[in-house]
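Step one of this worksheet: look at the structure below.
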Amino acid sequence: MARILIIEDNQANMKLATLLLGNGGHAVLCAVDAETGLTLARADQPDLILMDIQLPGMDGLAATALLKQDPATAAIPVIALTAMAMKADQEKSEVAGCDAYIAKPLRYQELYSTIDALLAKAAQPPSAAPTGDKP
Ligand code: MN
């Protein structure tokens, strides 16, 4: 079980995500805008964040960039949620620092497998993580 923060302004999507995560055995925190989500992320340190890209005011990409710049929240995996499977959105979410990307409507198999993979990765000690361009 993980504590998962959902940042999503659409009520129907929030309801579905909450239901799916609850059925998956996870505890859910909810925010309907980026500002509230950032505050909750810092205060409650969730294990993972589901971030809608299209939010009123600050969008999900800007919010993710802020989360990844803040040492208090940088290590929390972020899954970007977007309304359509668009390559441009996927690329932008990677640039913003999102760890994964899921197109809505949410499908539970994809949601669960993405969450499990990111939680497993986050649980690894730093030495077990890929070292990128280090020798
Ligand atoms: Mn939205």
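The values are calculated or read from the model by the stated rules, or taken from the named source; none is laboratory data. Here the structure is a predicted model, which means the values were calculated and not measured. Glycine also receives a Cβ, built like all others from the backbone with ideal geometry; neighbour counts cover every protein chain displayed. Note: accessible area is taken over every heavy atom of the protein model, side chains too, but ligands, DNA and RNA are not part of it. Shrake-Rupley method; radii C 1.70, N 1.55, O 1.52, S 1.80 Å.
Name the single residue, out of those in the stretch 1-17 being among the aliphatic types (A, V, I, L, M) and under 19 Å from A43 (Cβ atoms), that is farthest from the ligand (Cβ to nearest atom).
Looking at the filtered set, the residue picked out is A2.
Residues that are of a type in the set (A, V, I, L, M, F, W, C), closer than 24 Å to T18 by Cβ and open to solvent by less than 50 Å² (accessible area, probe 1.4 Å): does the stretch 80-93 have at least one? Before you say what the answer is, go through the steps one by one.
Start the filter on the stretch 80-93 by keeping residues that are of a type in the set (A, V, I, L, M, F, W, C), which leaves 80-81, 83-86, 88.
If we keep only those that are closer than 24 Å to T18 by Cβ as well, we get 80-81, 83-85.
Then drop every residue that is not open to solvent by less than 50 Å² (accessible area, probe 1.4 Å), which leaves 80-81.
Yes, the stretch 80-93 contains at least one residue that is of a type in the set (A, V, I, L, M, F, W, C), closer than 24 Å to T18 by Cβ and open to solvent by less than 50 Å² (accessible area, probe 1.4 Å).
With (1) away from the ligand (no atom under 16 Å from the Cβ); (2) touching a strand residue (DSSP E or B) at 6+ places or on another chain (Cβ under 8 Å) as the list, and L20 as the residue in question, which single condition is left unmet?
(2)
What number goes with the only condition from (1) of a type in the set (S, T, N, Q); (2) within 16 Å of the ligand (Cβ to nearest atom); (3) under 15 Å from L111 (Cβ atoms) that T36 does not pass?
T36 satisfies every listed condition except (3).
In the stretch 75-102, how many are within 15 Å of the ligand (Cβ to nearest atom), outside any helix (DSSP H, G or I), out of contact with any Asp or Glu (no Cβ under 7 Å at 6 or more places or on another chain) and at pLDDT below 90?
Total meeting the criteria: 3.
Take the residues in the stretch 45-74 that are part of a loop (DSSP other than H, G, I, E, B) and closer than 11 Å to A34 by Cβ; name whichever of them is nearest to the ligand (Cβ to nearest atom). It would help to see each step written out before you state the result.
In the first step, residues of the stretch 45-74 are kept if they are part of a loop (DSSP other than H, G, I, E, B); the result is 45-47, 53-59, 70-74.
With closer than 11 Å to A34 by Cβ added as a condition, the list becomes 53-59.
Details: I53: 7, Q54: 4, L55: 5, P56: 8, G57: 11, M58: 12, D59: 9 Å.
Ranking the candidates gives Q54 first.
Any residue in the stretch 23-40 that is within 15 Å of V78 (Cα to Cα) sitting within a Cβ distance under 9 Å of a residue that is part of a helix (DSSP H, G or I) and of a type in the set (D, E, K, R)? List the pairs, counting only those 6 or more apart or interchain.
Short answer, once both residue conditions are applied: L29/D44.
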